[in-house]
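Nothing in this text is a laboratory measurement; each read-out follows from the coordinates by a stated rule. Everything quoted here is computed from the prediction, not taken from an experiment. Cβ atoms come from the backbone with ideal geometry, glycine included; neighbour counts cover every protein chain shown.
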Amino acid sequence: MKKIGFIVNPLAGIGGSVALKGSDGEEIVERAFELGAVCKSPERAISALKKLQPLKDKIEIVTCPEEMGENEAKSCGFLPVVIGSSFQRRTQASDTIHFAKEMLARNVEMILFAGGDGTARDIYDAVGTELPVVGIPAGTKMHSGIYATSPEDAGELAFLYLSGKQLKVKELEVMDIDEEAFRRGVVKAKLYGYLKIPDAPNFTQGTKGGGHQADDQFYLKGIAERIVTEMEQDIFYLVGSGTTCRAIMEKMGLENTLLGVDVVLNKKLVMKDVTEHQLLELLEQGKQSKIIVTPIGGQGYIFGRGNQQLSSRVIRKVGIKNVLVIATPSKIQSLPQHRLHVDTGEKEVDSMLKGAVRVISALNEVAVLEIV
Amino acid sequence: MNLTQKTKERIDAKRMINDRWRQSKWLEPLVYDLGSPGERGIIAVELEEEIRNVVGDPLDLLPKEILRKTPPHLPEVGQPRLMKHYVRLSQELTCEDNTTMFPLGTCTMKYNPKSHERIAETPRFTELHPRQDEKTVQGILEIMYKFQDYLKAISGFSSVSLQPACGSQGVFTNMRIIRSYQEDKGFGMDKKDEIITTVFSHPSNPATPAMSGYKVITLYPDETGFPSVEKFKAAISERTAGMIIGCPDDTGIYNPNIMEITKAVHDAGGLCILDSANANGYFGWARAKEAGFDMTHWNLHKSFSTPHGGAGPGAGPIAVREDLAKYLPTPKINFDGERYYWDYNLPSSVGVVRPFFGNTGVILRAFAWVTSLGGEGLREVTQTAVLNNNYLRMLLEKIPGVQVAYETKDRLHEIRWNLNQVYAETGVNSFQMIARICDYGVGDTFPSHFPYIVENPITPEPTETYSKEEIEEYAAIVKRVVEECYETPEIVMTAPHNSAMPHVPWETMFDPTQIAPCRTVWLKLQKK
């Protein structure tokens, strides 16, 4: 019987919906709970694990106690082997490392884990490239290419590997950014190492492209010029994260949050670095609004990665037709298969967003890409 | 199709590969750096005294203000050395089109029949002047008029202009026609300001609408290799002035939904241009008009066998549907039943895009080519080109790491391949492999137009010209080079070794601080 390791970081992504840019560190986790954040990682881990149900009699799940995997595995009908016993405290990064090492020692064939960039780093610290892993996207920041495009795809990928249909593996980057610097608006992405994942590009999101090339400045300025020129009166513009969106704020001479959402009305900043809750309150005013977002380079996510404030509820209120997507040509070319992705957490909103979309790529240029 | 054992052996046989090929290579300086002060190739004859007595000093005949103050800086080289100089340069280049295969995809490098060169060389043509009286040039006018008829038959359209001198000028002219047409309909740039194209269309396709003041909407392909109808529909709106695409484009894929797409553009009030630079994929089998297009252009220097390379000369004639004829460039050639003449009375014309009447030497060669082939011959051109490409595909697909980009199975005249696997496993990229392929006596293989959305691209186009043996030789060379990537990657990375041109690091090609567009800059760079 094949053994598979299963680890859930229950706190992954908890900082995202309350605009905390990440979930690393006890203090941030506490702050997130105070702001009303809810753990979504277990739910996403279950969506992935359900895909392994057909292999129920052929695999043995080795997992961690309680919310770190045991609960999720049991809720999917598995009878897992649990390492250690329950702990009476919040989980920590060191727990992930400890359990992953233990799984390696117990000769599991692969590890399926739910988390964000921080979790990927912990897994890397524990197992390196000793065995293949599959990442279930559940964090706030997911710059690492190792994550599957959705929880379901993560489950599917693990299924393909365990059933012997996809045995080829490849190494992909584990990246993370300095969260402290990130909160100050500085992106310091760092390559931590490589993890082995089953080689199926359609299932994984690819690594975030690093910054803009020199000639991109020309296109960035053009995009900003066009967006600002076409801005309408009395409409809230919810300007998303990233350097492409920042160019718009700079064009208007406004303060901005590199990795957060700012609100502009009549070319004036009305709210800075807002949470999902604040956005929903704002939208209650009944004014028309538009969202401006840019895909993460190398991945293509426009929602659900680093901008969880723009939640499915916010998108519904604003309206799908009022989502403006911007990206320079080189960023578009960095996207795997030149596709965009969404992961708002609500399937219905995801499917409403899917299809062909116009992407403003320069002052007088537009690209048409597909959101899949 | 299964390869016979004999064929397999032939492909694998090393004798197929020309290991000994070496291009003539001279360390020849620029002509300015030859010779010495006072050296002369030709000594001009002194003016005879009798004549001088009558006309005086010839320099006095010129206005003083246009006389140079210093003599021009011309090379001072004796005749024998000068002769050697040009012989050496020509040895590095001569007959490249006839001694090697030239799989420069999207450029449709085909054999240029030498009999057509003879026709174009005859003084009966070369001694003509565009300002001659029409009565004295009825022959060439008749050829041009009849060549227009050929292009009408090939495209299905009713009017042609031979004036544009290259493909991009043809595209530009068509773009100006769209603008004039829309303005006449009351749709100025305030109402219709968008032109749709695809990322695999040739670079002039987005560049010329941008030059004409339009916004450009670029569609990216699906996994099929072409954009879905849904993407086109997302791009089409009341602001759509027109669309320009290649069909097939450089992937060799014919968009099966083209009729639905052209109809959707028409429904929005736009016009559709077919970029026929890839006409070798459908000559005589499909026509722009029947696919729903309103206008097209050709590159005679590609599809119609006239020589190209080194930037010219080219010819980019256009053809349009009947109601657009009034916008064609001035003048237009006509026939009144008795004589051929230039019609300058075209008040709605987009104007003159090139002085006089087009590159007539190129048109003459293309006329000779079509005349020699006839309609059936043209169909055979496409059949053979498509067959050759698919035979090459069958051979290349057997080489590990050489992969066809995109899922669509049916390909016409060329294919964009990706060599990602070889790159991932050896670190050798497709540009380095292309340079190494040249070492075996094959011309440059085209990688891709910008942007490189297929990574490590390579786009060979065998055309109808090359024989089965030559295609097999090319495939065997690609196989050898891929093997070298694994065995001796440093040799591939520093290629070419056997060409007149040495290895040039790719990155320097795009670094303006390292490029010398003229001797003055070169001298400055030497001093650094």
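One table, with the values for the structure above:
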{"read-out": "At most 16 other Cβ within 10 Å, DSSP loop - GluC sites (Glu not before Pro), the stretch B:170-270", "value": "B:GLU223, B:GLU238"}
{"read-out": "A:GLU171-A:GLN53 FRET efficiency (beta carbon distance; Förster radius 25 Å; 0.05 resolution)", "value": "0.30"}
{"read-out": "Kirkwood Rh and Cα Rg combined as Rg/Rh, the stretch B:19-168", "value": "1.09"}
{"read-out": "Inter-chain shielding of A:337-343 (mean C-beta neighbours from other protein chains, 10 Å cut-off)", "value": "2"}
{"read-out": "Extension gain, B:LYS152 back to B:ARG20 (0.36 nm per residue minus Cα-Cα distance, nm)", "value": "42.8 nm"}
{"read-out": "Chain A - Debye-derived log10 I(q)/I(0), Cα point model, q = 0.12 Å⁻¹", "value": "-0.85"}
{"read-out": "Additional length obtainable on full extension of the chain from B:GLU407 to B:GLU230, 0.36 nm per residue less Cα span", "value": "61.9 nm"}
{"read-out": "16 Å Cα-Cα reach of A:LYS196 towards lysines, excluding residues that sit fewer than 8 places from it in its own chain", "value": "A:LYS101, A:LYS168, A:LYS170"}
{"read-out": "Normalised contact order of chain A, rounded percent, pairs of Cα under 8 Å and 6 or more residues apart", "value": "15 percent"}
{"read-out": "Dimensionless Rg/Rh of the stretch B:261-382 - Kirkwood Rh, Rg from C-alpha atoms", "value": "0.98"}
{"read-out": "FRET efficiency for B:GLN132 and B:ARG88, using Cβ-Cβ distance with R0 set to 51 Å, rounded to 0.05", "value": "0.85"}
{"read-out": "Candidates per chymotrypsin sites (Phe, Trp or Tyr not before Pro) in the stretch B:326-393, loop by DSSP, up to 15 other Cβ within 10 Å", "value": "B:TYR344, B:PHE356"}
{"read-out": "Relative intensity, log₁₀ I(q)/I(0), of the stretch A:2-203 from a Debye sum that treats every alpha carbon as a point, q = 0.09 Å⁻¹", "value": "-0.29"}
{"read-out": "Gyration tensor (Cα) of chain B, equivalent ellipsoid semi-axes in angstrom", "value": "39, 37, 23"}
{"read-out": "Span-rule helices in chain B, defined as complete DSSP H runs reaching 20 Å or more along the axis (Cα) with Kyte mean at least 0.0", "value": "B:138-155, B:360-396"}
{"read-out": "Taking only Cα atoms of the stretch A:216-371, radius of gyration then Dmax in Å", "value": "14.2, 40"}
{"read-out": "Kirkwood hydrodynamic radius (C-alpha pairs) into Stokes-Einstein, the stretch A:39-96, 10 °C and 1.306 mPa s, D in µm²/s", "value": "132 µm²/s"}
{"read-out": "Residue order, fewest to most beta carbons within 10 Å, for B:VAL45, B:VAL362", "value": "B:VAL45, B:VAL362"}
{"read-out": "Per-residue average of Cβ from other chains inside 10 Å of B:402-408", "value": "0"}
{"read-out": "For B:ILE437, A:ILE46, order by how many other beta-carbon atoms lie within 10 Å, fewest first", "value": "A:ILE46, B:ILE437"}
{"read-out": "Shielding of A:360-366 by partner chains, average beta-carbon count, 10 Å", "value": "5"}
{"read-out": "Cleavage-rule hits, chymotrypsin sites (Phe, Trp or Tyr not before Pro), the stretch A:74-104, DSSP coil, Cβ neighbours within 10 Å at most 14", "value": "A:PHE87"}
{"read-out": "FRET E, pair A:LYS287, A:SER330, Förster distance 22 Å, beta-carbon r, rounded to 0.05", "value": "0.05"}
{"read-out": "Inter-label distance for A:LYS101 and A:SER163, nm, one decimal - labels placed 7 Å from Cα along Cα-to-Cβ", "value": "3.6 nm"}
{"read-out": "Taking N as its residue count, the alpha carbon Rg of the stretch B:157-372 over 2.2 N^0.38 Å", "value": "0.99"}
{"read-out": "Two-decimal ratio, the protein assembly as shown, of alpha-carbon radius of gyration to 2.2 N^0.38 Å", "value": "1.12"}
{"read-out": "Per-residue [θ]222 nm for chain B (sum of -39500 (n - 2.57) over DSSP H runs n ≥ 4, rounded to 500)", "value": "-11500 deg cm²/dmol"}
{"read-out": "Relative contact order of the stretch A:216-371, defined on C-alpha pairs under 8 angstrom at six or more residues apart (%)", "value": "24 percent"}
{"read-out": "Taking the stretch B:157-372 and dividing mean pair separation by its residue count, relative contact order in percent (alpha carbons under 8 Å, at least six apart)", "value": "27 percent"}
{"read-out": "Label point distance in nm, B:SER467-B:HIS266, each placed 7 Å from Cα along Cα→Cβ", "value": "4.7 nm"}
{"read-out": "23 Å Cα-Cα threshold exceeded, pairs from A:LYS221/B:LYS233; A:LYS331/A:LYS354; A:LYS317/A:LYS347", "value": "A:LYS221/B:LYS233"}
